[in-house]
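The values are calculated or read from the model by the stated rules, or taken from the named source; none is laboratory data. All values derive from a computational prediction rather than experimental measurement. Glycine gets a Cβ as well: all are built from the backbone with ideal geometry, and neighbour counts include every protein chain shown. What goes into the accessible areas is simple: the full protein's heavy atoms, side chains included, and nothing from ligands, DNA or RNA. Shrake-Rupley method; radii C 1.70, N 1.55, O 1.52, S 1.80 Å.
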Amino acid sequence: MKFTIYRATKQFMSTLNHNHDNLTLHRNRSHEGLGDKGLQDMVNTVQAMADKGFLVAAATVEAPLNEVFELTNSIERNWLDNNEVTVINEAAFFSSSSVGDVFVDDKDQAFIITCFEIAPVKLNLPTTQTV
């Protein structure tokens, strides 16, 4: 299956030291509270980042869902060097996957990384644009 990985932009990440609102967005996206409310708060923050243009389709990964997390982490080498990964937007900040990151499959089902799982969620993300 093919997944699109959504990441914050380099420009957004460069603002975190001097823009309190952006820092709060970044923290809220990557901090899961407890239960369904905590998950929904993460999803709402991801949607707000996407709506503001701070979150972009960054890369694609050809793999089953249970392998996507490992393939998007720099374990033995930079994850961008994995054969299954194709960069589609150089404006993205290419850190390893972590809590709050989003994968979308080729059927438009979004998944978010939580502290405990990769959970299916509903999001309205920007379409993939190759850069």
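Full extension of the segment from Val99 to Leu34, taken as 0.36 nm per residue of separation minus the current Cα-Cα distance, would add 22.0 nm.
Between Ser14 and Glu67, the contour length at 0.36 nm per residue exceeds the Cα-Cα span by 16.1 nm.
A DSSP coil position with no more than 11 other Cβ atoms inside 10 Å describes the following chymotrypsin sites (Phe, Trp or Tyr not before Pro) in segment 33-122: Phe116.
Using a Gaussian network model of the chain in which every pair of alpha carbons under 10 angstrom is joined by a spring, one finds that among Val102, Val46, Val87 the greatest mean-square fluctuation is at Val87. Annotation: for a label point projected 7 angstrom from Cα along Cα→Cβ of Asp51, residues of segment 105-126 with backbone N closer than 17 Å are 122-126. Between Met1 and Asp108, the modelled label-to-label distance comes to 1.6 nm, taking each label 7 Å out from Cα in the direction of the beta carbon.
From helices alone, the chain scores -8500 deg cm²/dmol at 222 nm; the rule is -39500 (n - 2.57) for each run of n ≥ 4 DSSP H residues, then divide by the residue total.
Could you tell me which of rounded, prolate or oblate describes segment 1-67, using a ≥ b ≥ c as the square roots of the eigenvalues of the alpha-carbon gyration tensor, with rounded for a/c under 1.5 and, failing that, prolate when a/b is larger than b/c and oblate otherwise? It comes out oblate by the Cα gyration axes. Magnitude of the charge dipole for the chain, about its Cα centre and with charges confined to Cβ atoms of Lys, Arg (+1) and Asp, Glu (-1), is about 420 debye. For P(r) over Cα pairs in 5 Å bins from 0, in percent, the choices are [x] 2, 7, 11, 12, 11, 11, 11, 11, 10, 7, 4, 1, 1, 0; [y] 2, 11, 22, 25, 22, 13, 4, 1; [z] 2, 9, 16, 20, 19, 13, 7, 5, 3, 2, 2, 1, 0, 0, 0; which was calculated from the structure? Among [x] 2, 7, 11, 12, 11, 11, 11, 11, 10, 7, 4, 1, 1, 0; [y] 2, 11, 22, 25, 22, 13, 4, 1; [z] 2, 9, 16, 20, 19, 13, 7, 5, 3, 2, 2, 1, 0, 0, 0, the one calculated here is [y]. Once you have a ≥ b ≥ c as the square roots of the Cα gyration tensor eigenvalues for segment 64-131, tell me rounded if a/c is under 1.5, and otherwise prolate or oblate according to whether a/b is larger than b/c. Judged from the Cα gyration tensor, segment 64-131 comes out oblate (a/c at least 1.5, b/c at or above a/b).
Can you list the trypsin sites (Lys or Arg not before Pro) in segment 1-87 that are in a DSSP coil and have 11 or fewer other beta carbons within 10 angstrom?
On the way: sites: Lys2, Arg7, Lys10, Arg27, Arg29, Lys37, Lys52, Arg77; in loops: Lys52, Arg77.
For trypsin sites (Lys or Arg not before Pro) across segment 1-87 that sit outside H, G, I, E and B with at most 11 neighbouring Cβ atoms in 10 Å, the list reads Arg77.
Across Asp105, Asp41, Asp21, the residue with the most accessible area heads the list, and the full order at a 1.4 Å probe is Asp21, Asp41, Asp105.
What percent does the relative contact order of the chain come to when contacts are Cα pairs within less than 8 Å and at least six residues apart? Write out the running numbers ahead of the final one.
Numbers: 228 pairs, mean separation 43.9, N = 131.
34 percent.
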